[in-house]
Amino acid sequence: MLLAAICVTGVSTAECKTLDDVQVLDLVTAQQVALADNPTLAAAAERVEQARYRVKQAEALYYPSIDAGGTATSNRMSFNNAAILSTTAGGAEIDRNSEKFNLSLGASWLVFDGFSRKFSNLIAGYGQEESEQARRDGMRILLQSVAVSYYGAQLAQYNKDIAEADFSFNSKQAQEAQISMTAGAGSLSAVLNFQVQMNNASTNILLAKRDYDLAMFGLAILLGRESGQMPESLALARMDMVQESEYYELAPEELLNAASINRPDLLRHEIGVQLADSTIGATEASLYPKLALNGIIDGNRSDNADFNGDDFGSTVALNLSYNLFRGGGDKARIAEAKSYKREAARTLEQQKNSVTSDVRRSITNLEQARAQLLLQRASVKLVEQTRDLVEEGYKAGQESLARFNEVQRDLVRTQSYLAVALISLYTNRQALKTATGESLIPYLTGAELEPAVQ
């Protein structure tokens, strides 16, 4: 819906795409499509447009007002009135029909209004900036929501792959157990055991498919798909494992400084304080006199509309007005505006505290996700080694079937934990970008993100 507008205005730095053009969907492309097609963001853009026109309305107050007017009046005198006039005029014939014409051109200009227009323009300008920052904050939240749904689908896909690998492993074991039983060296219970494990793996595959479909449905809604369905041929890009060497230093003070510069909700509250200050100025304008210049050119003719220069006259007036008493209403409005500014300042301080908490919480979550990924990657290697040793022991008759089942389940569970840890790392990276507002940078300025958040 907003795709053309975004391409024209340069909100997105990447090539504009539609979802139908994509075969393999990565996060960046998903976010681009969401910014183009999400209806909530489109509504926010319309609010910005409304604010822009309010600025133009405020600017118009500086210009004079010019009005042109004209009247044409046709009158027919009653018979009785004509008879009376005829008698008064000594019996002269009276024309009962008459016409009057008027043309006028007037101009008025408010010379001074106690700086009311100045502050009205400031209020309108701040209102436009507020609307723009609200739109940007909507973009920031939308980018995070898309990432959460996208990574949710990725996790479901990982779980599906793990369950399919578990099914394949148990299927192979079931075939080998069947061969052993046929040769008289195995038991039916072993065959049945592996078939049960295959059924369990099939159940996990179905659950993973369900989770994937639900995540993709939520992602489709965020991407503005009216049907709520993704294209059937669409596949998710495979996510790479993150190595410890790819970790970067987290500098809290730098990240907090980035948030103070980039967070649209914080900037919006800062603008709100400035708007409140301008509101005080606008209300104080009522304490000053008002000076207005008015001029009019007026022409009148009777019986025909053939105006010439002798039919016109002009008037110029300079009007001064100053209110002496209004029951204390002006002072009350000024006091109200000052109270509103104090409220806006306190709200700003609260928002600063909230942003600081958000950034520090995101840093902690990312640090924990990093540590978890290292642990789970190491655990998978250990459990894989254990499973392979137990498998060899089982085939040699040194390990029980129960122990073999146990280590295979441990491997599946640990692989699932590793998938969760990997997705958690990606999700918390995005959450930190969202907390600092740096997720917006490529879509607003065309700049690449700084290394502070990667």
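Brief remarks on what is shown
- Cross-link pairs beyond the 26 Å C-alpha cut-off, checked among Lys172/Lys209; Lys172/Lys381; Lys100/Lys290: Lys100/Lys290
- In summary, the helical segments of the chain meeting the span-like criteria, namely a full DSSP H run, a Cα extent along the axis of 18 angstrom or more and a mean Kyte-Doolittle hydropathy of at least -0.5, are 188-222, 264-284, 401-436.
- Cα-based shape type of the stretch 136-201, given that a ≥ b ≥ c are square roots of the gyration tensor eigenvalues and the cut on a/c is 1.5: prolate
- Between Leu61 and Tyr322, the contour length at 0.36 nm per residue exceeds the alpha carbon distance by 92.0 nm.
- Anisotropy class of the chain from Cα gyration tensor, a/c 1.5 cut: prolate
- Taking all Cα pairs closer than 8 Å and separated by 6 or more residues, the relative contact order of the chain comes to 23 percent.
- Here the peptides 424-430, 326-332, 367-373 are ranked by packing, the mean other Cβ count within 10 Å, and the order with the highest first is 424-430, 367-373, 326-332.
- Shape class for the stretch 36-97, computed from the alpha carbon gyration tensor (a ≥ b ≥ c): prolate, with a/c not under 1.5 and a/b above b/c.
- Ranked by the mean number of other Cβ atoms within 10 Å per residue, highest first, peptides 351-359, 414-422, 314-322 order as 414-422, 351-359, 314-322.
- Pairwise label distance in nanometres, Thr347 with Gln229, each label 7 Å out on the Cα-Cβ vector: 4.4
- Centre separation in Å (Cα based) which lies between the stretch 242-305 and the stretch 35-77: 19
- Kirkwood Rh in Å, taken over the stretch 111-241 so that all alpha-carbon pairs contribute: 19.6
- Here the relative contact order of the stretch 82-191, from alpha carbon pairs under 8 Å that lie six or more residues apart, stands at 9 percent.
- Across the stretch 158-247, C-alpha contacts under 8 Å between residues 6 or more apart give a mean separation that, scaled by the residue count, equals a relative contact order of 27 percent.
- Pair-distance profile P(r), taking every C-alpha pair of the stretch 292-375, with 5 angstrom steps and integer %: 3, 9, 7, 7, 7, 6, 7, 6, 6, 6, 6, 6, 5, 5, 4, 4, 3, 2, 2, 1, 0
- Amide H contacts of Met77: Asn97, Ser98, each under 5 Å away and 5 or more positions distant or on a separate chain (H built 1.01 Å from N in the peptide plane; Pro and chain starts excluded).
- Helix-only CD estimate at 222 nm, as mean residue ellipticity for the chain, using -39500 (n - 2.57) per DSSP H run (n ≥ 4): -23000 deg cm²/dmol
No lab work stands behind these numbers, since they all come straight from the coordinates. These figures come from a predicted structure and were not determined experimentally. Don't worry about glycine lacking a Cβ; one is built from the backbone with ideal geometry, like all the others, and counts go over all protein chains shown.
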